[in-house]
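Everything below concerns the one structure shown next.
The values are calculated or read from the model by the stated rules, or taken from the named source; none is laboratory data. Here the structure is a predicted model, which is why all the values come from computation and not from measurement. When we count neighbours, we look across all protein chains shown, and the Cβ atoms used for this are built from the backbone with ideal geometry, even at glycine. Heads up: the accessible areas ignore ligands, DNA and RNA and are worked out on the full protein's heavy atoms, side chains in. Shrake-Rupley method; radii C 1.70, N 1.55, O 1.52, S 1.80 Å.
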Amino acid sequence: LVMFAVFRTIFGTHAIKGWPFLAYVHSGITVFAFFSQSSLDVAPSLRSSSGILTRTSAAPEVFVLSAIVSGLVTFAASTAILVTILLISGKGLSMAIFLLVPTALSLAFLSTGVGSLISHYAIQYEDVNALSNLGMTIIGYLVPSFYPITIIPGSWRGFYKLDPVVPLLDMYRSAFGYPLTVGWAYRIGAMAFSVALGLAGLHSFRRRWPRVVTEL
């Protein structure tokens, strides 16, 4: 609500491309919060489960995925709030709602990959946690969660869309009828990259685990 009030005043608008500004901001926060919190929660999840991980043969990937599943639950609850905002605003749902499934799965894979890679070093080096939080804050401002993508200069917009969260956020919004602003080439690229990073992150996590577990 604070972001809605502040940035609505800054941009002087109540809607972006016919969408209520509150829905625009809430959808941006929903997607980025899922990605950032799920990614950053992997290392704490492993630390809190150190007693189990160091004394049993439990697969460590389970505790990585538990952080992602927790993020999915919050994502679903936030999506329900977005639907409520849109319905109150007089916006109906469309057949594009099916895009929620690939969007959620892609975000889950992306978070798994980033979280797995960060956790290697976050467990071994405390400073990595602070740097990761700072990095996520910077990335958060590079995602159009509370500002329209049109404020990005046209010459930079192609590079801007290479951030995988940007096409996935656009796909999430379009599932609820928001006009297309990022082409399908970027969307498909973001989904493919997310899956590849997720699998690569888990593979790297498994390979490095024997060294990481000694730090728990």
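Remarks
- Residues (surrounded by fewer than 18 Cβ atoms within 10 Å (Cβ to Cβ), closer than 20 Å to residue 198 by Cα and of a type in the set (Val, Ile, Thr)) located in region 135-170: 139
- Hey, residue 173 open to solvent by 20 Å² or more (accessible area, probe 1.4 Å), over 30 Å from residue 211 (Cα atoms), among the basic types (Lys, Arg) and part of a helix (DSSP H, G or I) or not: no
- The helices (runs of 4 or more DSSP H) falling completely within region 1-97 that include 3 or more residues that are at pLDDT 85 or above map to 21-48, 60-88.
- Scan region 63-84 for residues that are more than 23 Å from residue 191 (Cα to Cα), in contact (Cβ under 8 Å) with a residue 40 or more places away in the chain and crowded, with 17+ Cβ neighbours inside 10 Å and the total you get is 0.
- Scan of region 132-180 for residues that are charged (D, E, K, R) and in contact (Cβ under 8 Å) with a residue 40 or more places away in the chain, ordered by number: 173
- Test: residue in region 85-100 that is farther than 18 Å from residue 28 by Cβ, crowded, with 16+ Cβ neighbours inside 10 Å and under 18 Å from the mean Cα position of the chain (by Cα): no
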